[in-house]
Amino acid sequence: MFKSIRWRIGLSYVVLIVVCMSFLAAYILHLVREYYLVTVAPQLLMAVLLAVLVAAVLAIVLAFVIAGATVWPVRELTHMARRLAAGDLDQKIRVVSEDEIGELARAFNQMSGVLKGTIETMSNEHSRMAAILANMADGIIITDGDANVTLVNKAAEKMLHLPKQDYLGRSIVGVVRDHQLAQLVGDCLAGTGKQEDSARLIELGTPKRFLRAVVTTVREGGTLQALLVLQDLTEVRRAEAVRREFIANVSHELRTPLASVKALVETLRDGALHDPAVAEDFLTRMDVEVDGLTQLVRELLELSRIESGQVALKLEPAEVNWLIETSVERLRAQAERSGVSLEAEIAPGLAKVMADGERVQQVLINLIHNAIKFTPAGGNVTVRAAGRNAGVCVSVADTGIGIPAENLSRVFERFYKADKSRSSGGTGLGLAVAKHIVQAHGGEIWVESVEGQGATFSFTLPLA
């Protein structure tokens, strides 16, 4: 009971008042006996004692009232402090006096406001940093001074194929499973790595992925940590490989006709020019080579314009029947010369598609021309059209030589040609142009083939 400050203050008041009243009563009795030389009657003594007792009771009540009024703000302050510690930062104490208790209440309210602002600022900064880490394209891994992982963002999880939350507290070696990365972090924490060794190109996984790893040390509250940044350079490497292959293909495609033209010119200059028959034949060959170069340059320019978005499609509702039949008729003579049957099978009642008719015909002609070229005499080429989801699917199927399975994923690349078709001419750009035109319409294009059993090229167009 007496551990309460209220009881201690109240008891102090009571003791003080009772002692004072006892001394006062004794002093009064002493004066009566000394100055009036009378013996104090028992009745008077009882009256004095009763008065002291009544005064003591009143003193007790008054003491506890005063103690309660004094302790109540302190109790309220204690209650508010407990709620503040529990996380409820919207705490305000009513200031009802101007004494020390009131000053304490005002100081508490000020502290509560400052603490709330500080925590909100820290929470906002934490949320901002968490959002940045979660949406970064680069992978982030943070370890403590013992090289145990303390944080990994989503990009790093994806790059390293980490299980969810199964890595926290584990060593960097057990998480990344790559000795080069682990050694990079270990050297950085130990301070043994050179400045130029803080970045390294790492190859991981199958198929190979190329990661650039950069590690640095960070001190937080006197604790040494390692910050590992991973940049995925796989697409950059692939783009560089495509660029090198593109340059090599362009060089190959240009070198062959230019060499032929150069040889023909030198032959004519060496005397063949004076033989009319030979000169006519050589000029015809030169014309063919120049036409091929012109077509190559034209298709390169067109592909570049399509890929850069400089070609504006003239989209309008178009009849699928008309697009297919027009394209088939333009190539029917070529099919007959090659001994190939060319037919169209169009589902009845097809809705109109939203398309640039000229560009879609360009796609169809490229696909039909390739099908005829790679189908032996006596084979069949069939152009079909049918509804598919929210569009129309057009396919060109042949019974030709087909495409090897390992080459199916590359047939739409620029300048890609299977070895079988090298001697058959062509620039190797037709399918690349077709892919970009279909994608510009919002459709998809793909190929299905079994080597020796023909191929089927299909693409979709959206409904009008």
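The values are calculated or read from the model by the stated rules, or taken from the named source; none is laboratory data. Everything numeric here is computed off the predicted structure, so don't read it as measured data. All Cβ positions, even for glycine, are placed from backbone atoms using ideal geometry, and neighbour counts span all protein chains on display.
Details
Yes or no, residue by residue, for (1) touching a strand residue (DSSP E or B) at 6+ places or on another chain (Cβ under 9 Å); (2) under 22 Å from Ala390 (Cβ atoms); (3) of a type in the set (Gly, Ala, Ser):
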position: Asn321; (1), (2), (3): yes, yes, no
position: Glu329; (1), (2), (3): no, no, no
position: Ala335; (1), (2), (3): yes, no, yes
position: Val363; (1), (2), (3): yes, yes, no
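- Unmet requirement for Arg243, which otherwise passes all of (1) surrounded by 11 or more Cβ atoms within 10 Å (Cβ to Cβ); (2) free of Cβ contacts under 8 Å to residues at least 40 places away in the same chain; (3) assigned to a helix (DSSP H, G or I): (1)
- Taking (1) modelled with pLDDT of 75 or more; (2) in a helix (DSSP H, G or I); (3) farther than 28 Å from Pro376 by Cα in turn, Asp291 satisfies each apart from (3).
- Members of region 334-348 found to be in a loop (DSSP other than H, G, I, E, B) and either touching a Phe, Trp or Tyr at 6+ places or on another chain (Cβ under 8 Å) or farther than 27 Å from Val392 by Cα (or both), listed by number: Ser338, Gly339
- When Leu211, Leu264 are checked against the criterion of being at pLDDT 75 or above, under 20 Å from Thr143 (Cα atoms) and crowded, with 16+ Cβ neighbours inside 10 Å, Leu211 stands alone in meeting it.
- Filtering region 53-94 to residues that are modelled with pLDDT of 70 or more and polar (S, T, N, Q) leaves only Thr78.
- Exactly one residue out of Ser97, Ser112 is surrounded by 15 or more Cβ atoms within 10 Å (Cβ to Cβ), modelled with pLDDT under 80, of a type in the set (Ser, Thr, Tyr) and over 24 Å from Val229 (Cα atoms), and it is Ser112.
- The number of residues in region 110-147 being touching a residue at least 12 places away in the same chain (Cβ under 8 Å) and of a type in the set (A, V, I, L, M, F, W, C) comes to 10.
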